[in-house]
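Enquirer: The structure is given below, and queries will be raised subsequently.
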Amino acid sequence: MSKNNFLKGAAVLGIAGIIVKVIGIFFRIPLTRWIGEDGMGYYGSVYPIYTLFLIISTAGIPVAISRMVSERIAVKNYAGAHKVFQISIWLMGALGLASFCIVYFNAGFIENSILHNPGARLSLEAIAPSLLLVPIMSAYRGYFQGRQNMNPTAISQLFEQLFRVVVGLGLAYFLLDSGYEAVCAGATFGSTAGAAAGLFVVVIIYLLSLNTIKRYIRRNKSHSQLESTSSIVKKILIIAIPITIGASILPLMGAIDASVVMGRLQATGWTHEQANALWGRFSGYCNSLIGLPQVFVQAIAMSLVPAISAGFRLKDLGEVKENMKLAMRTAMIIGFPCAAGMFALAEPILKLLYLTPDTAAEITAAVPTLRLMCFSIIFMSSLQTLTGILQGIDRQNVPVKNLAIGAAVKLVVTYVCVGIRAINVNGAPLGTIAAYAVATVLNLKDIKKYSGNTFDFKMTFLKPFIASALMGAAAFASFKLIFLATSSNTISTLLSIIVGVVVYGALVLSLKVITEDEIRRLPKGDKLVKVLDKFIK
């Protein structure tokens, strides 16, 4: 994949991801307003467990598929690439079935012994079927990504989220008079409905593409090298197992939060109701917002692995290093302003999304937590990108080790800090920041060790930081001025966000955070250069 196609693939996934997140806001906001932080405590406690099992069954194999398919297509072995995909379908189906059975038939045990949150069982049972469907869908997505086609993933994501929101909110509203437990179960069943819709769509796209796939296979028979099933399975597992272990550490950290935070809060004098409300503030109000900036970075990582793997297979090391540097700079150009903007406008954004007469006090209390969590955006952006780089150069074991060290740091920091009454639930984001920072530093050292590649500190980190800090100050000041004139939080927040975007764009160009060559690699890049030429000369 060329640098141009790499960025285009990331752009497609990024745009789809933002649309998915926006649709998700229309799910989270009314649900939070309906049930408040107490109800969101039940809803939020289920998802770390769900995510943990989902990643165990989906994190490694789709990346392995993407990488193995791209490596074979790079040498025109289309038949071998398709066989990798066919075998992976069976593997993903088996893993999905196992995950479903574990969660569904042990929901009571998980509720009482792991989450320590009575009332979560119905939600666990409602969301469990999606653990069977999503892995199979992920196999199809991984195959298309390996073929350098990100469109099927993007389209299926949109349908998955749309059905999740419509079905989940519809059931939650219907069950409002049945109590928090039933409402949350209805909301979580939306994930199952969404998974079914996403799988249906991506299968249809595959069937429509099948004739083209077969034509490529026939045209390149001389390049066909059909490995044995056992050999393919072995190679998939060699790539997938360490990636799965590494990816499982992230939701494991969420599970640490769900278990340790509730237990430590109650051990230090908070009642169960108070602890659940604090947890709901963290998981309900703040977590969903922090996940928004990661959409673009995840898109970069997903496009990066097949791009680097193909170049690595062809021994085009110059191309590999260029993709590494471009991906890391792009991640920082996105991560820094998202963190700065959300930090500056934390309270206005929370009020814009969640304010009702009943939630005003909760929102005010959530502001420090959200601001603290903003720092994790920067480290998470770098960590995801560096992990994709290491996976692409066949060093998938390395980020596992580094993230495990980070998770150990998180456990200690979270346990200690949550136990300090003045810090309470804010100890969870402090632990997360520490974990991501440690893993990021270790990954940077290992990339230099294994690839010889280093990142220009000034271009990659310093300039985006300066531009973002100035943008955050401009957004904050503009909010205050506009609010004085309008007395409207909604108008002031939206206009100050626009001011922030414009200011950041101008600073990126004036400080030369992005080069003309990099702009040309974006979709419609040549036209953008002509428009912006006077700023980047």
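Enquirer: Please verify whether the stretch 185-193 includes one or more residues that are modelled with pLDDT of 90 or more, in contact with a helix residue (DSSP H, G or I) (Cβ under 9 Å, 6 or more places away or on another chain) and among the polar types (S, T, N, Q).
Expert: The answer is yes; a qualifying residue exists.
Enquirer: If you don't mind, there's one more thing I want to ask. Any idea which of (1) over 30 Å from residue 498 (Cβ atoms); (2) open to solvent by less than 20 Å² (accessible area, probe 1.4 Å) is the one residue 471 doesn't satisfy?
Expert: Among (1) over 30 Å from residue 498 (Cβ atoms); (2) open to solvent by less than 20 Å² (accessible area, probe 1.4 Å), residue 471 violates only (1).
Enquirer: Could you tell me which residue of the stretch 86-97 is least open to solvent (accessible area, probe 1.4 Å), considering only residues that are more than 14 Å from residue 133 (Cβ to Cβ) and without any contact (Cβ under 8 Å) to a residue 60 or more places away in the chain? If you could, list the steps in order and put the result at the bottom.
Expert: If we filter the stretch 86-97 for residues that are more than 14 Å from residue 133 (Cβ to Cβ), which is where we start, we get 86-88, 90-91.
Within this subset, residues satisfying the condition of being without any contact (Cβ under 8 Å) to a residue 60 or more places away in the chain are 86, 90.
Details: 86: 94, 90: 203 Å².
Among those that are more than 14 Å from residue 133 (Cβ to Cβ) and without any contact (Cβ under 8 Å) to a residue 60 or more places away in the chain, it is 86.
Enquirer: Okay, next question. Of all residues in the stretch 122-146, how many are of a type in the set (D, E, K, R) and buried (at least 21 other Cβ atoms within 10 Å of the Cβ)?
Expert: Our first condition is that a residue be of a type in the set (D, E, K, R); within the stretch 122-146, this holds for 125, 141.
Add one more test, that the residue is buried (at least 21 other Cβ atoms within 10 Å of the Cβ), and what stays is 141.
The number of residues fulfilling the criteria is 1.
Enquirer: Among 347, 362, which is the only one that is open to solvent by 20 Å² or more (accessible area, probe 1.4 Å) and at pLDDT 85 or above?
Expert: Matching residue, one of 347, 362: 347.
Enquirer: Something else about it: State the number of residues belonging to the stretch 197-244 that are open to solvent by 50 Å² or more (accessible area, probe 1.4 Å) and either of a type outside the set (Ser, Thr, Tyr) or within 30 Å of residue 47 (Cβ to Cβ) (or both).
Expert: Final tally of qualifying residues: 18.
Enquirer: Here is a follow-up. Would you be able to say whether some residue in the stretch 180-193 is surrounded by 19 or more Cβ atoms within 10 Å (Cβ to Cβ) and within 18 Å of the chain's Cα centre (by Cα)?
Expert: Yes; the residues of the stretch 180-193 include at least one that is surrounded by 19 or more Cβ atoms within 10 Å (Cβ to Cβ) and within 18 Å of the chain's Cα centre (by Cα).
Enquirer: Here's a check for you: in the stretch 477-496, which residue that is closer than 26 Å to residue 511 by Cα and surrounded by fewer than 18 Cβ atoms within 10 Å (Cβ to Cβ) is modelled with the highest pLDDT?
Expert: Only one residue tops the list, namely 477.
Enquirer: Moving on. Looking at 398, 438, 425, which is the one that is surrounded by 20 or more Cβ atoms within 10 Å (Cβ to Cβ) and more than 30 Å from residue 309 (Cα to Cα)? First the steps, then the outcome.
Expert: On the way: 398 fails: more than 30 Å from residue 309 (Cα to Cα); 438 fails: more than 30 Å from residue 309 (Cα to Cα).
Only one candidate passes the filter, namely 425.
Enquirer: Starting from residues that are open to solvent by 10 Å² or more (accessible area, probe 1.4 Å) and of a type in the set (S, T, N, Q), keep the ones in the stretch 377-391 and report whichever is farthest from residue 401 (Cα to Cα).
Expert: 384
Enquirer: Cβ-Cβ distance below 8 Å, separation of 6 or more or different chains: which pairs start in the stretch 362-388 with a residue that is in a helix (DSSP H, G or I) and end on one that is among the basic types (Lys, Arg)?
Expert: Every condition considered, the pairs that remain are 362/281; 363/351; 365/281; 366/281; 369/281.
Enquirer: Quick one: how many residues across the stretch 69-85 are closer than 21 Å to residue 230 by Cβ and either aliphatic (A, V, I, L, M) or open to solvent by less than 30 Å² (accessible area, probe 1.4 Å) (or both)? Steps first, please.
Expert: Taking the stretch 69-85 first, the residues closer than 21 Å to residue 230 by Cβ are 69, 71-72, 77, 79-85.
Checking the rest, the ones that are also either aliphatic (A, V, I, L, M) or open to solvent by less than 30 Å² (accessible area, probe 1.4 Å) (or both) come to 69, 72, 77, 79-82, 84-85.
The number of residues fulfilling the criteria is 9.
The values are calculated or read from the model by the stated rules, or taken from the named source; none is laboratory data. On a predicted model such as this, the values are computed, not experimentally measured, just so you know. Glycine gets a Cβ as well: all are built from the backbone with ideal geometry, and neighbour counts include every protein chain shown. Accessible surface is based on the protein model in full, side chains and every heavy atom, while ligands, DNA and RNA are left aside. Shrake-Rupley method; radii C 1.70, N 1.55, O 1.52, S 1.80 Å.
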